[in-house]
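One structure is given below, encoded as C-alpha cells.
The values are calculated or read from the model by the stated rules, or taken from the named source; none is laboratory data. Computed from a predicted model, the values in this text were never measured in an experiment. For neighbour counting, all protein chains shown are included, and Cβ atoms are generated from backbone atoms with ideal geometry for every residue, glycine included.
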Amino acid sequence: MTRYLFCCAALLGVFVIDNPQCGAYRTHTQLAQIYLRDSLYEQALTETRRALREEGDTAHLLVISTLAHMGLDQLDPALDFLRRAIDLEPDNGELYAVLRDICLRYERFEQTTQILTRLATAHPQSAWLSAMQGWLHGQQDRADEAMTAFRQAIELDYNHLFARSELSRILISREHFAEAENILVEALLIQPDAPQLLLILGDCQLRQKRYPQADSTFHKAFASQVIDAVDIARIYSEHRQPDRAIEYYERGLARAPNDAMILNNLAWTYAEEGLRLHYALGLSMQAVKLEATSPIYLDTYAELLHLLGRHAQAAAIMGQALANEAPDGEHRTYLKGQRTKFRQALRENL
C-alpha cells in the first residue's frame, strides 16, 4: 500500500522534497507531501487541513488528503476528498486513475456510481466523466451502457484516448473487429505509436487471423521500449501462436536474464510444444533457483522432467509444489492431477 500511495503521489504531480536540509521553512503543503511520502498519514492530514484553511480547496491538496486517508484505510473520507478534487478539475484524467484503483481494490462500485452521477450533473460536458461512467459500466458487465458512455466521451473530446481504447476492448470482446480497428487506427493518428493502443490493435488483428499485420503492429509496440516483450508473448500464447510467443519471451529474457517469470513462461511454452526440452529444463531450473517455493515454477520443472522420462523426479518435485500450495489454494487440484499423472507414468515404465 505504501509503495502504491507514493507512486500515486508522483503520478499526480505531488512535489516531494527529498532534501530536508535545503532551507528551514516549509509550507504546510510541503510538509504534508513529506509526511505522505514517509507514510506518516495522520501528520500528512494535519498539515493538509492547515494548508486547506490557508489556501482553500485545490485538487492538489485534496489528492494528498485522499491518499493519506487511503493509507489509513479510511475509504469513505478518501472518496469524499477525491470527489471534491474531481469537482474542481473534472477533466483531470489522473484523478480518475485513483478512483478506478479504489473501485478495483475495495469494490466501491455503488459508491463510485453515486459520486459520478452527482458530478455528471454539475459537469455535463466533461468527457472524462463520461469515460469513467463507461468504465464503471464495463466493470459491471453492462456493455451496452458502457459503449454509449464511451461514445459520448469521444463526441465531447475526439482525442480522448482512454475512451477509445476502452471502447475498442468492448467491441473486440463482442467480435465487432472492424469497428474496433477503425477506432484504434483513429486513436493512433492522434498519438502515433502509442504502445498500449498498439497492443490492443495487435490483439484485434490476431483475432481476425491477420497475422502479418499483427506481427507488424507488435513490432512497433516492442520498438517503443515501453511495452514488455512478455506482454506481447502472452497475447501470442492466448492466440495459439507459440513460435511468436517464444520469440518475444526470448527477447524479454535477453533484456532481463534473471526474471523468474520470463524463465518459467518460456520453459513452459517449450514444454507445451515439445521443443528444446533440455534447454527448457535449464531455464526452468533457473526460475526455481530464483523462487524456490513457487508451486507454479516447480510444476513447470516437474513437467519437463516428466517429458524427459524422469518420472520419479517429477513426482518428487510435484510433492514439493503441493507442500508450498495452501490447502485451499487455487492450484491445488491441478497440482494433485499432475502428481497423479507422473506417478502413473512411473508405474507404466517400471
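Checked against the criterion of being surrounded by fewer than 22 Cβ atoms within 10 Å (Cβ to Cβ) and in contact with a Pro (Cβ under 7 Å, 6 or more places away or on another chain), the range 240-250 has no qualifying residue.
Select from the range 39-51 the residues that are over 25 Å from the mean Cα position of the chain (by Cα) and either crowded, with 20+ Cβ neighbours inside 10 Å or farther than 14 Å from F81 by Cα (or both) and list them in ascending order. The answer is L40, Y41, E42, Q43, A44, L45, T46, E47, T48, R50, A51. Exactly one residue out of A233, A260 is touching a Phe, Trp or Tyr at 6+ places or on another chain (Cβ under 6 Å) and under 25 Å from L308 (Cβ atoms): that is A233. Considering the range 81-139, the residues that are closer than 24 Å to T48 by Cβ and among the polar types (S, T, N, Q) include one that is surrounded by the most Cβ atoms within 10 Å (Cβ to Cβ), namely T112.
Among the residues of the range 94-102, is there at least one that is among the hydroxyl-bearing types (S, T, Y) and touching a Ser or Thr at 6+ places or on another chain (Cβ under 9 Å)? No: zero hits.
For the range 149-167, the set of residues classified as over 19 Å from the mean Cα position of the chain (by Cα) and over 14 Å from E179 (Cβ atoms) consists of A149, Q152, A153, E155, L156, D157, Y158, N159, H160, listed by residue number.
Okay, residues lined up against (1) outside any helix (DSSP H, G or I); (2) more than 19 Å from A131 (Cβ to Cβ):
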residue	(1), (2)
E166	no, no
D203	no, yes
K209	yes, yes
F218	no, yes
I227	yes, yes
I262	no, yes
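When the test is whether a residue is modelled with pLDDT of 50 or more and touching a helix residue (DSSP H, G or I) at 6+ places or on another chain (Cβ under 6 Å), T29 passes it.
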